[in-house]
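Chemist: The structure is given below, and queries will be raised subsequently.
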Amino acid sequence: MNHPVIYRVVFYGIMAGLCGSIFFLLSLMVEAPFSSKDMRSAYYAGCNIGLHSPLTNESIARCESIADMFKETLDDLDKQMNP
């Protein structure tokens, strides 16, 4: 190692940048409007994209039923959290 100070400055700069970006993304997540309807739609789209290839009527119906259960679970959790 010819220049250990430079390596440390670069390393700590990268670490500070990563921590800063994580805090920034977390602050954006706090303001995001997460509703159970939006989460159901996102889960349904992800299920149809990644898990089943090729898409059939069976797999689409399965994804829809799982997404509906996911929405019901989120609604139940919301009811428990807000008495």
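Chemist: Please find, among LEU18, LEU77, LEU25, the residue that is modelled with pLDDT of 75 or more and within 15 Å of the chain's Cα centre (by Cα). Give the derivation first.
Modeler: On the way: LEU18 fails: within 15 Å of the chain's Cα centre (by Cα); LEU77 fails: within 15 Å of the chain's Cα centre (by Cα).
The conditions single out LEU25.
Chemist: Name every residue in the range 58-71 that is acidic (Asp, Glu) and surrounded by fewer than 12 Cβ atoms within 10 Å (Cβ to Cβ), in order of residue number. Give the steps one after another, and end with the answer.
Modeler: The initial filter retains those residues of the range 58-71 that are acidic (Asp, Glu), namely 58, 64, 68.
Scanning the range 58-71 gives a single hit, GLU58.
Chemist: I need every pair where a residue in the range 1-13 that is on the phi < 0 side of the Ramachandran plot has its Cβ under 7 Å from the Cβ of a residue that is at pLDDT below 90 and in a loop (DSSP other than H, G, I, E, B), sequence separation at least 6 or different chains.
Modeler: TYR7/MET1
The values are calculated or read from the model by the stated rules, or taken from the named source; none is laboratory data. Every value quoted in this text rests on a predicted model; they were computed, and no experiment measured them. Using ideal geometry, Cβ is built from the backbone for each residue, glycine included, and neighbour counts are taken over all protein chains shown.
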